[in-house]
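Colleague: The structure follows.
The values are calculated or read from the model by the stated rules, or taken from the named source; none is laboratory data. This structure is a prediction, so every number in the text was calculated from the model and none was measured. Reconstructed Cβ throughout: ideal geometry from the backbone, glycine too, with neighbour counts over all protein chains shown. Accessible surface is based on the protein model in full, side chains and every heavy atom, while ligands, DNA and RNA are left aside. Shrake-Rupley method; radii C 1.70, N 1.55, O 1.52, S 1.80 Å.
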Amino acid sequence: MQSCEISSDGADDPLSSGLRTPRQPRVVVIGAGLAGLAATKVLLKRGFTDVTVLEALDHIGGRVQSIKHGETALELGATWIHGGTGNPVYHLAEDNGLLEHTADGETSVGRISLYSKNGVAHYLTNVGKRIPKDLVEEFSDLYNEVYEQTQEFFQHGKPVGAESQNSVGIYTRDVVRKRITMDPDDSESTKKLKLSMLQQYLKVESCESSSPNMDEVSLSEFGEWTEIPGAHYIIPTGFNKIVTLLSRDIPLHTICLNKPVRCIHWNYSAQRDDTNRNNNHNRKTLDAGHPVCVECEDEEWIMADHVIVTVSLGLLKHNHEAMFSPSLPEDKVLAIEKLGISTTDKIFLEYAEPFWSPECNSIQFVWEDEAQLEQMTYPEELWYKKICSFDVLYPPERYGYMLSGWICGEEALCMERCDDETVAETCTELLRHFTGNPDIPKPRRILRSSWGSNQYFRGSYSYTRVGSSGGDFERLAMPLPSANSTKAPALQLLFAGEATHRKYYSTTHGALLSGQREAYRLVEMYQDWQAADTTKPKM
C-alpha cells in the first residue's frame with residue numbers, strides 16, 4: 001500500500017500564501033477523481049501544506065479510465081471534452097498540446113449521436129432492412145424540434161401540463177406520436193417506422209443522460225443543464241492525460257491509494273463514540289483540536305479540520321447512512337435521494353476487417369415491434385434490447401476496426417453480470433440479425449465498462465430525476481456546518497463532484513470546477529480569518 005504521511009501540528013508552519021492559524025489546517029480529500037485532484041491542486045498552490053488524498057482504488061482518475069490501444073486509447077469512462085469556450089478541461093488539453101492530433105472523426109458537433117463523424121448513420125430494423133436516409137432525416141428533424149421544446153420549460157418558464165407527468169420521455173413520446181399519426185402524407189408502414197425510430201432515439205437519449213429511461217428525467221428541469229459553446233473533442237492519447245496534468249504538481253506522498261473510507265466522524269462525534277470503540281485503532285489522539293476524524297477501512301483514523309468529499313452520487317445513495325456520523329441533515333439526504341444516477345456502459349468490439357461499408361459511421365438498432373411500447377424496460381434475459389447503437393471509431397488508422405456499443409439502465413447491470421464470451425456472442429447475433437448478414441464474425445477482442453457494479457461508483461453520472469430540481473445539486477454542494485456557523489467549527493465537510501454542479505452536472509468540467517470551488521471556499525475562509533485577526537485592537 002502506498003504510504004500516507006500526515007503532517008505535524010507545528011505552530012511555526014504558517015501557510016506560504018500568508019494565511020495564519022495557530023497551526024496548519026489539516027485537509028483530507030476523499031477521492032482522487034477530477035474533483036479531488038482539482039481541489040488538492042488549488043489548496044497546495046495557495047499554501048495549504050497539510051493535505052491528504054484518500055483514494056479507494058489502486059489508481060487515480062475516478063470515472064476517467066483510458067485503456068491503451070496501440071498508440072491511442074479506448075475510453076471506458078469520460079470520453080469527450082464538451083465545448084471549448086471557458087471550459088477548463090479544454091484549455092488544459094489545448095495548452096498542453098493534447099488536441100494537436102485530434103482528427104475530424106474525433107470531433108463531434110452533433111447532439112443526438114453519441115459518437116459522430118462525417119458519414120452516414122445506418123438505421124437498421126430487426127427484420128434486417130435499412131431505413132432510407134431521407135426518412136431518417138425527416139424523423140430526425142421532427143425529433144429535434146420536440147427536443148428543443150423540452151428545453152423551453154425551464155429556459156422560458158413554460159408551465160408543465162399534468163398529462164406529461166413532468167417527464168421528458170412521456171412528453172416527447174406523446175408529442176412526437178401525435179405529430180406522426182396525424183401526418184396525412186405518410187403511409188401506415190412509414191408511420192410505424194417513425195414510431196419505432198422514436199423509441200430508438202429515446203434509448204440514445206437515455207444513454208446520454210445516464211438515466212434508466214427518459215420517463216424518469218424531469219421535464220421542468222431538463223433545460224437547466226448548460227452546454228458550453230463549441231465542439232466535443234476526443235483526446236487521442238487518452239483522457240487520462242488530463243488526470244496526469246492535474247496530478248503533476250501533487251507530491252506522491254499526498255495521495256494514498258487503496259485507502260477506502262469507512263466513516264467520517266464530524267462535529268466531534270468521534271470523541272463521543274470513543275468509549276465504545278476498540279483502543280487498538282491506529283489513530284491520532286482525539287484531543288488534538290480537530291473536529292473531524294476519518295475512519296478508514298484498514299482501521300487507521302486520520303484527524304482533520306476539513307474533509308472534501310468527492311465520492312459519486314451513486315455511492316452516497318448507497319452508503320450515506322454508514323458513511324457519516326452523525327447522519328447528514330435531512331435537506332442533504334433528500335437531495336441525495338431525489339437526484340438521479342444510473343449506469344451508461346460501453347461495449348468495444350474489435351475486428352480484423354470491417355463488415356460495415358466505408359461511409360457508415362454507426363449502426364442504429366430500430367425494433368419495429370416496439371413502435372407502441374410504453375415502458376422501455378426489459379426482463380433480464382432480454383437485456384440486449386437496450387443496446388441502442390454501435391458507433392464506428394474513426395480514424396481506422398488509429399483505432400483499427402472497432403465498434404463502440406452503448407447500453408444504459410438496469411439492462412446495463414445485466415450486461416455487467418455476463419461474462420465476455422456471452423456478451424460477444426449476444427452482440428454478434430444482434431449485428432447479424434439487424435444487418436441481415438449471417439457471416440459477421442465474432443469480434444477478436446471485447447472490452448466493456450462496469451460502472452454500475454463498481455462498489456465505489458454505483459453509476460456513471462447524475463441527472464435531474466422527476467421530482468428533483470437544480471436546487472438539489474446546490475443543496476448537495478452546501479458545506480457542513482456553514483461558513484457562518486458559530487456553534488461548531490465551520491466547513492468541516494465540503495462536497496464536490498459532478499453531481500454538485502448545478503449547470504454542468506454529468507461532465508468532467510463540472511467535476512473539475514466543483515473541486516476548485518470547494519478549495520477556494522477554504523482559501524477564502526482562512527483569508528477572512530487572517531483579515532479579522534489583523535484588525536483586532538492591540539492590547
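Colleague: Which one of Ile235, Ile242, Ile228 is surrounded by fewer than 23 Cβ atoms within 10 Å (Cβ to Cβ) and more than 22 Å from Gln372 (Cβ to Cβ)?
Modeller: That would be Ile228, the only listed residue that is surrounded by fewer than 23 Cβ atoms within 10 Å (Cβ to Cβ) and more than 22 Å from Gln372 (Cβ to Cβ).
Colleague: Just need a number here: residues in region 176-208 that are out of contact with any strand residue (DSSP E or B) (no Cβ under 6 Å at 6 or more places or on another chain) and closer than 30 Å to Glu498 by Cβ.
Modeller: 9
Colleague: Please verify whether Ser389 is within 30 Å of Lys194 (Cβ to Cβ) and either open to solvent by 10 Å² or more (accessible area, probe 1.4 Å) or modelled with pLDDT of 95 or more (or both), treating the condition exactly as stated. Quick ask: steps written out before the conclusion?
Modeller: Values: within 30 Å of Lys194 (Cβ to Cβ): yes; either open to solvent by 10 Å² or more (accessible area, probe 1.4 Å) or modelled with pLDDT of 95 or more (or both): yes.
Here the answer is yes, as Ser389 does meet what is asked.
Colleague: How do the pairs read when you match residues in region 100-123 that are over 24 Å from Val146 (Cα atoms) with residues anywhere that are at pLDDT 65 or above and open to solvent by 40 Å² or more (accessible area, probe 1.4 Å), using Cβ under 6 Å and keeping only pairs 6 or more apart or on different chains?
Modeller: Thr102/Tyr233; Thr107/Tyr233; Gly119/Glu359
Colleague: Select from region 128-173 the residues that are open to solvent by 40 Å² or more (accessible area, probe 1.4 Å) and among the charged types (D, E, K, R) and list them in ascending order.
Modeller: Lys129, Arg130, Lys133, Asp134, Glu137, Glu138, Asp141, Glu145, Glu148, Glu152, Lys158, Glu163, listed by residue number.
Colleague: Would you check if there is a residue in region 64-79 being touching a strand residue (DSSP E or B) at 6+ places or on another chain (Cβ under 7 Å) and either farther than 23 Å from Leu92 by Cα or charged (D, E, K, R) (or both)?
Modeller: Looking for residues that are touching a strand residue (DSSP E or B) at 6+ places or on another chain (Cβ under 7 Å) and either farther than 23 Å from Leu92 by Cα or charged (D, E, K, R) (or both), one finds at least one in region 64-79, hence yes.
Colleague: Working carefully through the options Ala270, Ala288, find the one that is outside any loop (DSSP other than H, G, I, E, B) and modelled with pLDDT under 95.
Modeller: Ala270
Colleague: Among the listed residues Leu37, Leu74, Leu44, identify the single one that is within 20 Å of Asp345 (Cα to Cα), modelled with pLDDT of 95 or more, not in a loop (DSSP other than H, G, I, E, B) and not aromatic (Phe, Trp, Tyr).
Modeller: Selected residue: Leu74, the only one of Leu37, Leu74, Leu44 that is within 20 Å of Asp345 (Cα to Cα), modelled with pLDDT of 95 or more, not in a loop (DSSP other than H, G, I, E, B) and not aromatic (Phe, Trp, Tyr).
Colleague: For region 81-123, how many residues meet the condition of being more than 22 Å from Thr226 (Cβ to Cβ), modelled with pLDDT of 90 or more and either part of a strand (DSSP E or B) or in contact with a Lys or Arg (Cβ under 6 Å, 6 or more places away or on another chain) (or both)?
Modeller: 5
Colleague: Ser211 - would you say it is open to solvent by 20 Å² or more (accessible area, probe 1.4 Å), of a type in the set (Gly, Ala, Ser), closer than 25 Å to Thr500 by Cβ and touching a Phe, Trp or Tyr at 6+ places or on another chain (Cβ under 8 Å)? Walk me through it before giving the result.
Modeller: Working: open to solvent by 20 Å² or more (accessible area, probe 1.4 Å): no; of a type in the set (Gly, Ala, Ser): yes; closer than 25 Å to Thr500 by Cβ: yes; touching a Phe, Trp or Tyr at 6+ places or on another chain (Cβ under 8 Å): yes.
Here the answer is no, as Ser211 does not meet what is asked.
Colleague: Any residue at all in region 362-369 that's over 29 Å from Tyr505 (Cβ atoms), open to solvent by 30 Å² or more (accessible area, probe 1.4 Å), assigned to a loop (DSSP other than H, G, I, E, B) and not aliphatic (A, V, I, L, M)?
Modeller: no
Colleague: Quick test for you: out of Thr237, Thr226, pick the one residue that is in contact with a Leu (Cβ under 8 Å, 6 or more places away or on another chain) and either touching a residue at least 40 places away in the same chain (Cβ under 8 Å) or under 27 Å from Glu55 (Cα atoms) (or both).
Modeller: Result: Thr237 is the single residue among Thr237, Thr226 that is in contact with a Leu (Cβ under 8 Å, 6 or more places away or on another chain) and either touching a residue at least 40 places away in the same chain (Cβ under 8 Å) or under 27 Å from Glu55 (Cα atoms) (or both).
Colleague: Here is a follow-up. Which numbered condition trips up Thr500, out of (1) β-branched (Val, Ile, Thr); (2) more than 20 Å from the chain's Cα centre (by Cα); (3) surrounded by 20 or more Cβ atoms within 10 Å (Cβ to Cβ)?
Modeller: Thr500 satisfies all of (1) β-branched (Val, Ile, Thr); (2) more than 20 Å from the chain's Cα centre (by Cα); (3) surrounded by 20 or more Cβ atoms within 10 Å (Cβ to Cβ) except (2).
Colleague: Then there's this: Which of the numbered conditions does Gly409 fail, given that it passes all the others? Conditions: (1) open to solvent by 60 Å² or more (accessible area, probe 1.4 Å); (2) under 24 Å from Leu202 (Cα atoms).
Modeller: Status for Gly409: all satisfied but (1).
Colleague: What do you reckon, is Glu397 surrounded by fewer than 24 Cβ atoms within 10 Å (Cβ to Cβ) and modelled with pLDDT under 95?
Modeller: So Glu397 passes the test.
Colleague: Take region 74-106 and flag every residue that is within 19 Å of the chain's Cα centre (by Cα) and closer than 19 Å to Leu393 by Cα.
Modeller: Within region 74-106, Leu74, Glu75, Leu76, Gly77, Ala78, Thr79, Trp80, Ile81, His82 qualify.
Colleague: If I filter region 434-452 for residues that are surrounded by fewer than 20 Cβ atoms within 10 Å (Cβ to Cβ) and either under 20 Å from the mean Cα position of the chain (by Cα) or within 22 Å of Met323 (Cβ to Cβ) (or both), do I get at least one hit?
Modeller: Yes - at least one qualifying residue is present in region 434-452.
Colleague: Could you say whether any residue in region 51-59 is in contact with a helix residue (DSSP H, G or I) (Cβ under 6 Å, 6 or more places away or on another chain) and either open to solvent by less than 10 Å² (accessible area, probe 1.4 Å) or not charged (D, E, K, R) (or both)?
Modeller: yes
Colleague: So, Tyr384, is that one crowded, with 18+ Cβ neighbours inside 10 Å and under 30 Å from Glu188 (Cβ atoms) or not?
Modeller: yes
Colleague: Any idea which residue in region 343-361 is farthest from Ile387 (Cα to Cα), counting only those that are open to solvent by less than 30 Å² (accessible area, probe 1.4 Å) and among the aliphatic types (A, V, I, L, M)?
Modeller: Ranking the candidates gives Leu349 first.
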